[in-house]
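Everything below concerns the one structure shown next.
The values are calculated or read from the model by the stated rules, or taken from the named source; none is laboratory data. From a predicted model like this one, the values you see are computed outputs, not experimental measurements. Heads up, the Cβs are rebuilt from the backbone with ideal geometry, glycines too, and the neighbour counts pull from every protein chain shown. The area values use the complete protein model at the heavy-atom level, side chains included, leaving out ligands, DNA and RNA. Shrake-Rupley method; radii C 1.70, N 1.55, O 1.52, S 1.80 Å.
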Amino acid sequence: MMPVKVIAIVGAGYCGTLTAVHILRQNPVNRVRVVLVEQYSRPGRGLAYRTWDDNFLLNVPAGNMSALADDPDHFVRFCQNIDPAFNAASFISRRLYGDYLELTLREEVTRHRETVIETIHDEAVAVHHSGNDAYQIDLRNGASICAHQIVLALGHFPPLPPAPVTEFYKTPAYINNPWDSSALERILGNAPVALLGMGLTALDVLFRLTSSSDTRKIYLISRRGLCPQPHRFHPKAPVAVGFPHYLENLPPTAKAYCRALRLEIERNAVRGGDWRDIMNALRPHSPEIWRRFSVKERRKFLSHLVAYWDIHRHRLAPSAHLRLSGMLKSGQAEMIAGYVRNYKTHAGQVSVEISERHTGRIRCVDVGHVVNCTGPNFNLACITSPLIVQLRSEGYLRQDANRLGIEVNEHYQLIDCRGDAAKNLFYVGPMLKARFWEAIAVPELRIHIQALAKILK
């Protein structure tokens with residue numbers, strides 16, 4: 001029998017791979033054909049899990065990294081088959097997590113041999129209606145794919161060059177994409193390097209650059225000078241609770257909610273508790289809080305509070321934080337709070353002119369390269385991917401008001417330029433934060449993916 005439905009998934013990183021897994025788990029045999037469209041050769045190896053260096057760890061303990069929401073120990077069992085010393089509190093290497101995603105897909109393919117699943121190693125450059133609510137995907141090599149349903153499982157896009165826009169950004173000394181391993185490998189010699197940003201991306205680049213040179217000086221520059229906080233050793237597993245009582249009956253403003261959160265953390269500290277427990281308990285309810293905020297209140301949160309939220313919400317593995325602390329203490333790494341005013345190049349060196357945040361003093365640091373680690377670009381108008389450009393220009397998708405991502409409805413269908421839901425065209429990935437806020441980490445994405453797979457049945 002021929003399959004009655006073709007589901008094409010554009011992107012085979014974490015989201016695309018796991019979407020395929022859940023489609024296989026939830027569909028009857030011989031009812032569906034799954035096509036994965038991915039430029040890279042191995043599914044499951046998105047930006048985070050493409051490294052082969054075991055020094056790069058997950059930022060979430062193993063007990064909360066199962067790919068299957070209905071089987072919370074799935075990843076822990078995988079780890080213990082490798083080393084029985086691993087447990088739910090362990091911080092595992094990203095390489096092993098990529099292995100885990102590959103194996104999870106392989107096992108489902110083996111269990112569902114009657115279902116056709118095909119991987120096409122190419123880039124999708126356009127998606128068009130082809131009649132009867134079906135679609136055609138055009139590939140870079142000139143071929144095309146017809147599908148009844150399409151899931152755009154697009155990951156992160158490189159950051160925008162930060163202000164001020166300057167000719168310096170066109171020089172080889174500037175690297176705009178911090179996830180471009182080949183560009184980072186071209187940073188030769190022992191000249192200092194400036195990283196724009198202090199978040200998790202910047203720390204990844206810091207560790208990568210210092211793995212090959214324990215004397216290279218690294219400057220981390222950000223406006224506020226805030227660094228991610230560490231997880232505890234032996235972190236507690238999150239406990240499912242109802243909507244926090246201390247957030248009930250509040251005015252729907254960012255200020256009111258953040259003040260209530262801060263007071264609850266203080267009360268918990270008096271009882272001997274840890275602020276991380278309060279943040280963890282709040283996490284499942286963040287989408288509901290985000291829904292209550294108006295566009296104006298969301299903008300206030302993004303302008304004034306998100307930097308403080310991020311360093312407490314997106315934390316470092318304890319060993320990574322200890323490594324960072326040692327580098328700061330030795331002077332190999334230095335954090336500078338301020339904003340970049342200018343760049344001047346001379347004789348292969350770059351002088352970065354910084355206005356320090358707390359003093360206003362102008363400071364110059366001389367480096368060989370500058371790497372943009374300011375975080376992913378979610379502004380659709382500034383993304384140059386051919387597929388996004390085509391979908392945007394032809395009105396298939398719409399940017400949210402705060403430029404956080406792609407607008408979707410409750411069924412993950414794209415909202416087009418007219419405000420209508422695009423039938424059979426779906427999105428899952430980090431740009432769901434436009435609707436849900438919490439949508440960039442495994443514990444949330446796996447729930448969205450499972451829900452989407454049920455809709456695709």
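Counting only helices (runs of 4 or more DSSP H) that sit wholly inside segment 1-119, those with at least 2 residues that are out of contact with any strand residue (DSSP E or B) (no Cβ under 6 Å at 6 or more places or on another chain), in contact (Cβ under 8 Å) with a residue 24 or more places away in the chain and surrounded by fewer than 21 Cβ atoms within 10 Å (Cβ to Cβ) are 14-26, 94-111. Consider ALA124 carefully, then state whether it is in contact with a strand residue (DSSP E or B) (Cβ under 7 Å, 6 or more places away or on another chain), open to solvent by less than 40 Å² (accessible area, probe 1.4 Å) and of a type outside the set (Val, Ile, Thr). Here the answer is yes, as ALA124 does meet what is asked.
So is ALA317 in contact (Cβ under 8 Å) with a residue 60 or more places away in the chain, open to solvent by less than 20 Å² (accessible area, probe 1.4 Å) and closer than 28 Å to PRO164 by Cβ or not?
Values: in contact (Cβ under 8 Å) with a residue 60 or more places away in the chain: yes; open to solvent by less than 20 Å² (accessible area, probe 1.4 Å): yes; closer than 28 Å to PRO164 by Cβ: no.
No.
Being buried (at least 17 other Cβ atoms within 10 Å of the Cβ) and out of contact with any helix residue (DSSP H, G or I) (no Cβ under 9 Å at 6 or more places or on another chain) is the filter here, so list the residues in segment 347-364 that pass it.
VAL352, ILE354
Give segment 403-457 a look and list any residue that's farther than 23 Å from TYR100 by Cβ and among the polar types (S, T, N, Q), or say none. Within segment 403-457, ASN409, GLN413, ASN424 meet the criteria. Any idea which residue in segment 348-407 is farthest from GLN39 (Cα to Cα), counting only those that are in contact with a strand residue (DSSP E or B) (Cβ under 6 Å, 6 or more places away or on another chain) and of a type in the set (S, T, N, Q)? It comes out as SER355.
Applying a threshold of 9 Å to beta carbon distances and a minimum spacing of six or more residues, or different chains, the list of pairs starting in segment 265-290 at a residue that is farther than 23 Å from GLU444 by Cα and without any contact (Cβ under 8 Å) to a residue 60 or more places away in the chain and ending at one that is assigned to a helix (DSSP H, G or I) and open to solvent by 60 Å² or more (accessible area, probe 1.4 Å) reads GLY273/ARG267. Take the residues of segment 154-175 that are of a type outside the set (Val, Ile, Thr) and more than 17 Å from CYS373 (Cβ to Cβ): which is surrounded by the most Cβ atoms within 10 Å (Cβ to Cβ)? Only one residue fits best here, namely LEU154. Of the residues making up segment 163-221, those that are over 23 Å from LYS344 (Cβ atoms), over 26 Å from the mean Cα position of the chain (by Cα) and touching a residue at least 40 places away in the same chain (Cβ under 8 Å) are ASP214, THR215. If the condition is being within 14 Å of the chain's Cα centre (by Cα) and at pLDDT below 85, then segment 50-61 contributes only ARG50. Has segment 281-289 got at least one residue that is farther than 21 Å from SER90 by Cα, surrounded by fewer than 12 Cβ atoms within 10 Å (Cβ to Cβ) and among the small types (Gly, Ala, Ser)? Scanning segment 281-289, I find no residue that is farther than 21 Å from SER90 by Cα, surrounded by fewer than 12 Cβ atoms within 10 Å (Cβ to Cβ) and among the small types (Gly, Ala, Ser), so the answer is no. Condition check: hydroxyl-bearing (Ser, Thr, Tyr) and free of Cβ contacts under 8 Å to residues at least 40 places away in the same chain. Does THR359 satisfy that? Spelling it out, THR359 is indeed hydroxyl-bearing (Ser, Thr, Tyr) and free of Cβ contacts under 8 Å to residues at least 40 places away in the same chain. Scanning segment 399-429 for residues that are over 21 Å from CYS382 (Cα atoms) and among the aliphatic types (A, V, I, L, M), we see that the one that is modelled with the lowest pLDDT is ALA422.
Taking segment 268-280, which residues are open to solvent by 40 Å² or more (accessible area, probe 1.4 Å) and assigned to a loop (DSSP other than H, G, I, E, B)? Residues satisfying the conditions are ARG271, GLY272.
Pick from segment 221-267 the residues that are of a type in the set (Phe, Trp, Tyr) and in a helix (DSSP H, G or I): which of them is least open to solvent (accessible area, probe 1.4 Å)?
Keep residues of segment 221-267 that are of a type in the set (Phe, Trp, Tyr), which gives 233, 243, 246, 257.
Okay, now just the ones that are also in a helix (DSSP H, G or I), so 246, 257.
Working: TYR246: 35, TYR257: 15 Å².
Here the residue is TYR257.
Filter segment 197-208 down to residues that are in contact with a Leu (Cβ under 7 Å, 6 or more places away or on another chain) and in a helix (DSSP H, G or I), then give me how many there are. Total meeting the criteria: 5.
Listed residues ALA191, ALA163, ALA143; which is over 25 Å from LEU445 (Cβ atoms), at pLDDT below 90 and hydrophobic (A, V, I, L, M, F, W, C)? Don't jump to the end; show me each part of the working.
Working: ALA191 fails: at pLDDT below 90; ALA143 fails: at pLDDT below 90.
Step by step, each of ALA191, ALA163, ALA143 is checked, and only ALA163 is over 25 Å from LEU445 (Cβ atoms), at pLDDT below 90 and hydrophobic (A, V, I, L, M, F, W, C).
Would you confirm whether or not segment 158-176 contains a residue that is in a loop (DSSP other than H, G, I, E, B) and touching a Leu at 6+ places or on another chain (Cβ under 8 Å)? Within segment 158-176, one or more residues are in a loop (DSSP other than H, G, I, E, B) and touching a Leu at 6+ places or on another chain (Cβ under 8 Å). Among the residues of segment 320-337, those that are outside any helix (DSSP H, G or I), surrounded by fewer than 18 Cβ atoms within 10 Å (Cβ to Cβ) and in contact with a strand residue (DSSP E or B) (Cβ under 6 Å, 6 or more places away or on another chain) comprise GLU334, MET335. If we scan segment 191-208, do we find a residue that is among the acidic types (Asp, Glu), farther than 30 Å from VAL35 by Cβ and open to solvent by less than 50 Å² (accessible area, probe 1.4 Å)? Within segment 191-208, one or more residues are among the acidic types (Asp, Glu), farther than 30 Å from VAL35 by Cβ and open to solvent by less than 50 Å² (accessible area, probe 1.4 Å).
Would you check which residues across segment 135-145 are assigned to a strand (DSSP E or B) and open to solvent by 20 Å² or more (accessible area, probe 1.4 Å) and list them?
Quick first cut of segment 135-145, residues assigned to a strand (DSSP E or B) only: 135-139, 144-145.
Listed by number, the residues that qualify are GLN136, ASP138, SER144.
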